[in-house]
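Written out below as structure tokens is the structure these notes cover.
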Amino acid sequence: MSNKKNNAFKHILTQLISDVIEKSGNKPMNYKQVAAKLNLADPESRNAIRDILQEEAHIGLFKEIEKGKYILKELKAFVIGRVDMTADGSAYIVPEDEFEDDVYIAPRKLRQALHGDRVKVHAYEKRRGKRKEGEVVEILERSRTEFTGTITISPRFAFFVADDRKMLNDIFVPLADLNGAQDGEKVVVTITEWPQDSKNPVGRVRHVLGKKGENNTEMNAILADFGFPLAFPEAVERDAAAFPLEISADEIAKRRDFRPVTTFTIDPADAKDFDDALSFQQLPNGHYEIGIHIADVTHFVRPDTALDKEAFERGTSVYLVDRVIPMLPERLSNDLCSLRPHEDRLVFSAVFEMDKNANVINEWFGKAIIHSDRRFSYEEAQEILDNKAGEFAQELLTLNELAYMLRDRKFKHGAISFETTEVKFHLDENGKPLGVYTKERKDAHKLIEDFMLLANKRVAEFIGKQGKGKTKKTFVYRVHDAPNAETIAGFAQFAARFGYKLNTKSDRETARSLNALMERIEGTKEQNVLTTLAIRSMAKAIYTTKKTSHYGLAFDYYTHFTSPIRRYPDVMVHRLLEHYLAGGKSANAEAYEKFCEHSSQMEKKAADAERASIKYKQAEFLQDQVGEEYLGIVSGVTEWGMYVEIEENKCEGMVRLRDITDDFYALDEKNYAIIGQRKKKRYQLGDEVRIRVKKVDLAKRQIDFTLTS
């Protein structure tokens, strides 16, 4: 056996021996007893166990308490968790058991584990006054094996440096595995092996992205870095192309026909897919019939097909600054499933009879067909609402009145209104940012949002209220827990520094107070900081089959029904709703819970990718403005510096503590501030400061500022 293989075998066998002794309650055992527990009867294995026990007794893992009998020197525990890498190469293991403490792992004890990997750790008991430490004994699941970064090629070999700052190991790439990459290009590399005694893994170039700094290269690098594919597999494109354009008479006959009813879409001016439409008609009894019609994606995307598997893996469409990476091929997302004007389209509908006070009198859910009369942009619809005149003015004005009532009722029940600033860029034909602006939400946006919320809520109630206990039907919910009391108390304390008081006696009072705060801070310099901090103090919304309420919306039941073109959970909701409308039995809850977990993870990855693309464009925008001065707001504080958001263009960068030379500054985490240790000068979240653009690093998407006063 080679030396490398022998070392690997020895390492594994040592861990197995440790497991056996620990599971025995740390009772003294000899090598024969250990071998019997491991079902190893051959002399070679038994001798190897004896040798390891003797050797490790000298090193310190085992202790020989009587001749030939051993215990663990320190009773150890095994912890399973995720690796959270630090900049110095050490890591903390965040345990899956929330009651366990984090475990510190020194760099040499990581045993080739990378950031995000799920690992098994041998954790040592805490010594008095010391943190819990350990070493990785097994990598259970790699978080990722693909990385984006830059390739450097020499005559005999190449090596790859990842963009991800938490990937601290360069990857060796044999020249035969360059896949056409040129020196200095951005590429995607897959780790193919990692020899036991080697510091660096070995990989091959999977995709060549192009020259560093080019817009297309950098946007594709962000997508690849977060694990989103750059193209659809041929089989998926083929399946999408095979659907006929025509809707058969048989299919139409199965559906409720809304084609004669006034119907329109309202979307962003640059939208390419329209996944929701509204229909409107007044009934003879004076009530209104309002249809919320959603693209019938599940008519085309059938379970277990290549299309379905690809959509599930992606989980969501990804919205970068300059492009959309759709969950479904364009043949579906921009054509067959897009509710384009003047074309018959298949939909899944939620139809409500409402009185003049926006009360739902009757509801109907089912498959339908529509023919949209008009495609409005938000701006066009808003102009009609403002002027009270134009095409379908009466329908739009009535819908807007009803939306106001729905909104008012929602807030009275305790929903929270967070109006965050959405940053947008004016781009030239090469994707270079020429300017930055913030998107304003007006009545036309809110009108659509309120009717989508109504559909999501009523669909969730329709299924959620059916049956109890074992007869309850499995469904996909969008849930949002109430905030942690300690976290919200910390936010209330911070808001008080600006003169704002929050009542946190109950969840309902907290919601009301937050709404009052959001109204009061509108237009103030601290609006963005307080809104961002308030959102951070909230629990994160997730998908689950375990029904709980949606705190932020103050709904007891809530789901996502309205965007199946761009969200896989909505596809699941459509399938389940259709199944139950047809009298089907409850679906497998365990399977759907796993689907929900994956969807929540992909949603987070998509949001992180979007933020990364914004960071890149902000850096690119300020690249030519090094030396320029701006007024900014302190938007975050860390132990190595403070983040500042420029008021004029919302670009965010960092003032590093080492660049503030009038004192030695340290972080006051509790009060969101950095404080000079001698002069006690403080910079706190929300403070206005004047900064100069010092340096821009496009590759790292980093902007550095210095203070000017």
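The values are calculated or read from the model by the stated rules, or taken from the named source; none is laboratory data. Since the model is a prediction, treat every value here as computed from it, not as a measurement. Note that we place each Cβ from the backbone using ideal geometry, even for glycine, and neighbour counts take in every protein chain shown. All accessible areas refer to the heavy atoms of the entire protein, side chains included, with ligands and DNA or RNA removed. Shrake-Rupley method; radii C 1.70, N 1.55, O 1.52, S 1.80 Å.
Conditions (1) at pLDDT 95 or above; (2) in contact with a helix residue (DSSP H, G or I) (Cβ under 7 Å, 6 or more places away or on another chain); (3) of a type in the set (Asp, Glu); (4) surrounded by 20 or more Cβ atoms within 10 Å (Cβ to Cβ), marked per residue:
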| position | (1), (2), (3), (4) |
| --- | --- |
| Val161 | no, no, no, no |
| Asn200 | no, no, no, no |
| Asn215 | no, no, no, yes |
| Leu230 | no, yes, no, no |
| Ile252 | yes, no, no, no |
Run down Glu313, Glu353, Glu363, Glu343 and say which single residue is surrounded by fewer than 21 Cβ atoms within 10 Å (Cβ to Cβ), of a type in the set (Asp, Glu) and within 27 Å of the chain's Cα centre (by Cα).
-> Glu313
Tyr616 vs. criteria open to solvent by 30 Å² or more (accessible area, probe 1.4 Å) and aromatic (Phe, Trp, Tyr) = no
Are any of the residues in the range 555-575 open to solvent by 20 Å² or more (accessible area, probe 1.4 Å), touching a residue at least 60 places away in the same chain (Cβ under 8 Å), in a helix (DSSP H, G or I) and in contact with a helix residue (DSSP H, G or I) (Cβ under 6 Å, 6 or more places away or on another chain)?
-> yes
Considering residues that are hydrophobic (A, V, I, L, M, F, W, C) and open to solvent by 50 Å² or more (accessible area, probe 1.4 Å), the number found within the range 203-213 is 1
What number goes with the only condition from (1) closer than 30 Å to Gln527 by Cβ; (2) touching a Ser or Thr at 6+ places or on another chain (Cβ under 6 Å); (3) not polar (S, T, N, Q) that Val637 does not pass?
-> (2)
Does the range 260-279 include one or more residues that are farther than 30 Å from Ser613 by Cβ, surrounded by fewer than 21 Cβ atoms within 10 Å (Cβ to Cβ), out of contact with any helix residue (DSSP H, G or I) (no Cβ under 9 Å at 6 or more places or on another chain) and not β-branched (Val, Ile, Thr)?
-> yes
Considering the range 113-124, residues that are closer than 19 Å to Ser18 by Cβ and open to solvent by 10 Å² or more (accessible area, probe 1.4 Å), and then whichever is nearest to the chain's Cα centre (by Cα), we arrive at Lys120
Find all pairs meeting these conditions: Cβ atoms under 7 angstrom apart; at least six residues apart or on different chains; first residue within the range 259-277 and within 22 Å of Gln394 (Cα to Cα); second residue open to solvent by 40 Å² or more (accessible area, probe 1.4 Å) and in a loop (DSSP other than H, G, I, E, B).
-> Thr262/Asp373; Thr262/Phe392; Thr263/Asp373; Phe264/Asp373; Phe264/Phe392
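Hey, among Ile674, Ile660, Ile691, which residue is free of Cβ contacts under 8 Å to residues at least 40 places away in the same chain, in contact with a Gly (Cβ under 9 Å, 6 or more places away or on another chain), surrounded by 13 or more Cβ atoms within 10 Å (Cβ to Cβ) and among the hydrophobic types (A, V, I, L, M, F, W, C)?
Residue meeting the stated conditions: Ile674.
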Might you check whether a residue that is closer than 14 Å to Val202 by Cα, at pLDDT 90 or above and not hydrophobic (A, V, I, L, M, F, W, C) occurs anywhere in the range 138-148?
-> yes
Out of (1) assigned to a helix (DSSP H, G or I); (2) touching a residue at least 60 places away in the same chain (Cβ under 8 Å), what's the single condition that is false for Ile361?
-> (1)
Screening Gln618, Gln623 for residues that are of a type in the set (S, T, N, Q), closer than 30 Å to Phe226 by Cα, in a helix (DSSP H, G or I) and touching a Leu at 6+ places or on another chain (Cβ under 9 Å) leaves only Gln623
Reported set for the range 413-431 where residues are within 26 Å of the chain's Cα centre (by Cα) and either under 20 Å from Met219 (Cβ atoms) or in a helix (DSSP H, G or I) (or both) is Glu422, Val423, Lys424, Phe425, His426, Leu427, Gly431
Are there any helices (runs of 4 or more DSSP H) wholly within the range 434-532 with 3 or more residues that are within 24 Å of Val351 (Cα to Cα) and open to solvent by less than 40 Å² (accessible area, probe 1.4 Å), and if so which?
-> 443-464
